[in-house]
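Step one of this worksheet: look at the structure below.
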Amino acid sequence: MKNIEVEKDFLSKVGHISIGVVDCKIQNSSSSAELWQLIDTEIENFKQRYTIPDLAKRPTVEATRTAYKQCGKDPSRYRPSSEALCRRILKGLDLYRINTVVDLINLISITSGYSIGGFDADKIEGEQLTLGIGREGEPFEGIGRGPLNIDGLPVYRDNVGGVGTPTSDNERTKLAEESSHLLMIVNAYSGTEGLNEFLDYSVALLKQFAEAKEIEVKVLEF
């Protein structure tokens with residue numbers, strides 16, 4: 001499992017963050033019909049519980065939006081990924097189908113409201129990720145988005161540069177169908193309440209749909 005550190009400048013602005021980490025070996029696939037039955041059920045349940053104005057008030061989403069503001073980013077222009085996924089659902093749009101593990105992480109993000117980074121751990125350079133604040137002009141290739149302005153966004157960096165933000169992860173370290181080593185990071189700006197529950201849920205799904213093995217789970221508080 002990679003070591004994770006948080007820069008002092010980040011903590012001076014945000015105050016604190018809890019981070020859930022899951023590291024495991026996986027057997028990914030292009031898609032899972034059984035998983036999508038579960039996703040479709042959750043989507044229908046979600047539509048019954050929420051409206052678009054409700055989304056920013058979910059404690060997990062609200063805390064992430066607050067962190068964006070504290071770092072200097074407008075969360076209504078650069079939405080946290082969990083909020084963006086849920087808005088898409090409530091607008092009646094289909095979710096993207098990427099691959100089984102990415103789809104699974106999106107399901108966890110929808111149900112929990114956490115913005116979650118899912119990385120191919122073998123593509124991360126070095127043994128440490130450091131959470132800081134994006135700098136003006138810092139290069140970052142968002143998955144499916146092209147160059148992303150991460151100035152003022154919370155960003156995890158490896159030895160090469162940024163790998164993930166709560167808005168989008170980087171093309172360089174994304175999970176592909178052939179990926180076999182997952183590093184999943186749950187950004188819990190709202191604290192640890194409910195975090196372990198969703199980490200347990202994540203592990204159960206990874207075992208069921210991605211044959212997860214050699215599983216390590218950790219909760220970090222800064």
| message | If a residue must be without any contact (Cβ under 8 Å) to a residue 24 or more places away in the chain and under 28 Å from Val14 (Cβ atoms), how many such residues does the stretch 197-220 contain? | response | 2
| field | Residues of the stretch 166-219 satisfying the condition of being closer than 15 Å to Val21 by Cα, among the polar types (S, T, N, Q) and buried (at least 22 other Cβ atoms within 10 Å of the Cβ) | value | Asn187, Ser202
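Quick grid of which residues meet (1) under 21 Å from Leu183 (Cβ atoms); (2) of a type in the set (Ser, Thr, Tyr); (3) touching a His at 6+ places or on another chain (Cβ under 9 Å):
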| site | (1), (2), (3) |
| --- | --- |
| Pro75 | no, no, no |
| Glu83 | no, no, no |
| Gly92 | no, no, no |
| Ile110 | yes, no, no |
| Ser115 | yes, yes, no |
| Leu131 | yes, no, no |
| Residues of the stretch 51-73 satisfying the condition of being without any contact (Cβ under 8 Å) to a residue 24 or more places away in the chain and part of a helix (DSSP H, G or I) | Pro53, Asp54, Arg65, Lys69
| query | Taking Ser30, is it modelled with pLDDT of 95 or more, part of a loop (DSSP other than H, G, I, E, B) and either surrounded by fewer than 19 Cβ atoms within 10 Å (Cβ to Cβ) or under 18 Å from the mean Cα position of the chain (by Cα) (or both)? | reply | yes
| said: Cβ contacts < 7 Å: first residue over 25 Å from Val101 (Cα atoms), restricted to the stretch 1-22; second residue part of a helix (DSSP H, G or I) and open to solvent by 30 Å² or more (accessible area, probe 1.4 Å), any location; separation 6+ or different chain. Result? | reply: Lys13/Gln70; Val14/Gln70
| Given the conditions (1) within 17 Å of Ile39 (Cα to Cα); (2) surrounded by fewer than 23 Cβ atoms within 10 Å (Cβ to Cβ); (3) among the polar types (S, T, N, Q), which single one is not true for Thr100? | (2)
| field | Residue satisfying all of: in the stretch 122-144; over 23 Å from Asn106 (Cβ atoms) and in a strand (DSSP E or B); most open to solvent (accessible area, probe 1.4 Å) among these | value | Gln128
| query | Out of (1) without any contact (Cβ under 8 Å) to a residue 12 or more places away in the chain; (2) surrounded by 20 or more Cβ atoms within 10 Å (Cβ to Cβ); (3) not hydroxyl-bearing (Ser, Thr, Tyr), what's the single condition that is false for Pro80? | reply | (1)
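Matching residues to (1) in a helix (DSSP H, G or I); (2) out of contact with any strand residue (DSSP E or B) (no Cβ under 6 Å at 6 or more places or on another chain); (3) at pLDDT 95 or above:
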site: Ser82; (1), (2), (3): yes, no, yes
site: Arg88; (1), (2), (3): yes, yes, yes
site: Asp103; (1), (2), (3): yes, yes, yes
site: Leu107; (1), (2), (3): yes, yes, yes
site: Ile116; (1), (2), (3): no, no, yes
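The values are calculated or read from the model by the stated rules, or taken from the named source; none is laboratory data. As the structure is a computational prediction, the values presented were derived from the model and not from experiment. When we count neighbours, we look across all protein chains shown, and the Cβ atoms used for this are built from the backbone with ideal geometry, even at glycine. When the accessible area is computed, the model is the full protein with side chains, heavy atoms only, and any ligands, DNA or RNA have been set aside. Shrake-Rupley method; radii C 1.70, N 1.55, O 1.52, S 1.80 Å.
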